[in-house]
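In what follows, a structure is listed as structure tokens, so that the remarks can point back to it.
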Amino acid sequence: METTAHEFNRHPAQFLAAAARGETITVTENGAAVARLVPHDDDGVPPYPPTRWAP
């Protein structure tokens, strides 16, 4: 799925729900991709904020 930054800002819950369903959303601004919202995966996600001692 692709959306503009303007639409993403107007309806963030809609896009978060889509990500929760497993969709990947690309956010564009002036026709260029600027961000990607991806479904959360517990595997391989570093803790936030990462510690400075983390490898």
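Per-structure values
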read-out	value
Net lengthening on full extension, Ala32/Glu2 (0.36 nm per residue, minus Cα-Cα)	9.7 nm
Per-residue HN-Hα couplings for the stretch 25-40 [Karplus 6.51, -1.76, 1.60; θ = phi - 60°; Hz; x = Gly/Pro]	10, 9, 9, 10, 9, 6, x, 10, 5, 10, 7, 9, 9, 10, x, 6
Solvent-accessible area per residue, Å², over the stretch 1-44 with all protein chains present [probe radius 1.4 Å]	74
Label-point gap, in nm, between His11 and His40 - each point 7 angstrom along Cα→Cβ	2.3
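The values are calculated or read from the model by the stated rules, or taken from the named source; none is laboratory data. Only a predicted model underlies this, so the values are computations on that prediction, with no experimental measurement involved. Please note: Cβ atoms are built from the backbone with ideal geometry, for glycine as well, and neighbour counts cover all protein chains shown. Keep in mind that these areas ignore ligands, DNA and RNA; they rest on the heavy atoms of the full protein, side chains included. Shrake-Rupley method; radii C 1.70, N 1.55, O 1.52, S 1.80 Å.
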